[in-house]
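Asker: The structure is given below, and queries will be raised subsequently.
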Amino acid sequence: MHKGTHALVAAAFDHSTAYGQSRHANLLLEAMASSGIQDSLRERGVRLTRQRRLLLELIDNSGLHLDAESLYQMAKEKDPKLNRVTVYRTLKLLKEGGLVDELDLAHFEGEKHYYETRLKQEHAHIICLRCGRVEEFFGEQLQALRGQVQSQFGFEIAFARTEIGGYCSHCQVLRGIDLQAHGEKQAV
């Protein structure tokens, strides 16, 4: 395990009583995922350079779905010598190695792609089609659906991506106002 992983594991144990068992488990899973990605790179003979480690940590720890340009801007703040080509090559390397997923998130922003580590627990992306907010849904229902597809179709699932597009509660209100205003204009 690398230094950051040790810190996450230590934090999981230090905070388990204050935040409860679920927080403890989440921190431990994050530490294992981060360690797993780095181990997987090493197994493939890929050198984990300082810049690659920085990019991987930003993808893994930002809590955001980052596109290449956002990742580049965040990384450049931490390492001004980093160039855009390194970001794109690293993303390609991580994607080809099966360590990072490339997402389109319902094409909310056209053909832009976003990245997240693949070692996360399986989840669905809930995307607001008005404001672009993305939430992640983790639940047993996804595993049940996977099991149902496997048994009903005799299908061996290699990966599953679930995206649900709709409108968040805030945007539902704004859409109602917009639709009402549009209806009043047409009546005139």
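The values are calculated or read from the model by the stated rules, or taken from the named source; none is laboratory data. Predicted model only: the values in this text are computed from it and were never measured. We place every Cβ from the backbone using ideal geometry, glycine too, and count neighbours over all the protein chains shown.
Asker: Determine, yes or no, whether residue 61 is under 25 Å from residue 124 (Cα atoms), out of contact with any Cys (no Cβ under 7 Å at 6 or more places or on another chain) and at pLDDT below 50.
Answerer: For residue 61, the condition - under 25 Å from residue 124 (Cα atoms), out of contact with any Cys (no Cβ under 7 Å at 6 or more places or on another chain) and at pLDDT below 50 - is not met.
Asker: Now a separate question. Do any residues in the range 104-117 that are at pLDDT below 75 have Cβ atoms under 7 Å from those of residues that are of a type in the set (D, E, K, R) and surrounded by 14 or more Cβ atoms within 10 Å (Cβ to Cβ), where the two are at least six apart or on different chains, and which pairs are they?
Answerer: Pairs found: 105/163; 106/163; 117/60.
Asker: Return a yes/no flag: does the range 149-162 have any residue that is assigned to a loop (DSSP other than H, G, I, E, B) and on the phi > 0 side of the Ramachandran plot.
Answerer: yes
Okay, residues lined up against (1) surrounded by 12 or more Cβ atoms within 10 Å (Cβ to Cβ); (2) touching a residue at least 40 places away in the same chain (Cβ under 8 Å); (3) among the aromatic types (Phe, Trp, Tyr):
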position	(1), (2), (3)
127	yes, no, no
142	yes, no, no
148	no, no, no
151	no, no, no
158	no, no, no
171	yes, yes, no
174	yes, yes, no
177	no, no, no
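Asker: Among the residues of the range 11-23, is there at least one that is modelled with pLDDT of 65 or more and over 22 Å from residue 123 (Cβ atoms)? It would help to see each step written out before you state the result.
Answerer: Kept after step one, since they are modelled with pLDDT of 65 or more, are these residues of the range 11-23: none.
Taking every residue of the range 11-23 in turn, none turns out to be modelled with pLDDT of 65 or more and over 22 Å from residue 123 (Cβ atoms).
Asker: Which condition number does residue 75 fail, the rest of (1) assigned to a helix (DSSP H, G or I); (2) surrounded by fewer than 16 Cβ atoms within 10 Å (Cβ to Cβ); (3) modelled with pLDDT of 80 or more being met?
Answerer: Every condition holds for residue 75 apart from (2).
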